[in-house]
Amino acid sequence: MLTHVDVMPQVMGVLNVTPDSFSDGGRYVTVAAAVDRAACMVAEGAAFIDVGGESTRPGAPPVSAAEELERVVPVLEALRGRFPVTLSVDTSKPEVMVAALAAGASLLNDVRALCLPGALEVAAKSNARICLMHMRGEPATMQRDPHYDDVVAEVGVFLAERVAACEAAGIARARLLVDPGFGFGKALQHNQSLLRRLPVLVESLGLPILVGLSRKSMIGVMLGQTPGSVASRLHGSLALAVIAAWQGASIVRVHEVKETVEVLRITHAVRTGSQ
Ligand code: 7PJ
């Protein structure tokens, strides 16, 4: 039987179209530049392009739906049909979901797991795939001393509840992905526990797991880097991608596609004894 473990994880390339995103803010703000960046990520092996117009970095200010729409819709329209990839939109707002679906997105990647009013209904009316992510709190305050008694159990219960809510709304399980939400209301020890015990979530939820670890501050913490310096997080990001793949993640969301594809190919070859 072919299980998720026998398949090499797919890579989702991050395409931020926010002027304020913490790691590559402002670089891909024009549509042409965003298309070029997407073309590069596709050539490097990305199976998904995740277009995001709301920065969810810790402390980021909220963005209006109008502003988010203005950022993501032209980029999705320009990418639609152009590359053999799944276009994803990183949003929580139902209005943005509707417009993004119309503009060519076929994956709704929601860090708020369809919790905003109306989001579940929009998702149910579409045929899109959906990524349900766990977040504790809101970006503005989520990193202020987060507490869990058992982070893996609590994240698992939350995700199972959101999966159940989706199924109750008529969304087939086959459309769902789940994500423990690394760095979203989690201290280093929580992120480490989630990664160390990822197989528990793989088993208990029985759905493909997407992980976002690329350039996250947990790397800076473990390496003792100055807060805010993201330039030298590549090797840490790759180490975490390898661990996540080994632990059963199905999709890895990253900024550096080429390097990630290489380390995932090696991980997969060792894991399965193939070439
Ligand atoms: C994630 C995300 C993540 C999913 C961001 C960043 C912050 N979506 N959107 N999972 N992170 N599904 O890229 O560091 O971890 S935005």
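Annotations
- Of the numbered criteria (1) farther than 20 Å from Thr56 by Cα; (2) among the β-branched types (Val, Ile, Thr); (3) open to solvent by 10 Å² or more (accessible area, probe 1.4 Å), the one Val152 fails is (3).
- Condition check for Glu138: charged (D, E, K, R), in a helix (DSSP H, G or I) and either exposed (fewer than 15 other Cβ atoms within 10 Å of the Cβ) or within 15 Å of the ligand (Cβ to nearest atom) (or both): no
- Any hit, the stretch 104-120, residues being open to solvent by less than 50 Å² (accessible area, probe 1.4 Å) and acidic (Asp, Glu): yes
Yes/no per residue for (1) out of contact with any strand residue (DSSP E or B) (no Cβ under 6 Å at 6 or more places or on another chain); (2) within 28 Å of Leu87 (Cβ to Cβ):
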residue	(1), (2)
Phe158	yes, yes
Gln189	yes, no
Ser204	yes, no
Gly212	no, yes
Lys216	yes, yes
Leu238	yes, yes
His255	no, yes
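The values are calculated or read from the model by the stated rules, or taken from the named source; none is laboratory data. Quantities reported herein were computed from a predicted structural model and do not represent experimental measurements. We place every Cβ from the backbone using ideal geometry, glycine too, and count neighbours over all the protein chains shown. SASA here: full protein model, heavy atoms, side chains in, ligands and nucleic acids out. Shrake-Rupley method; radii C 1.70, N 1.55, O 1.52, S 1.80 Å.
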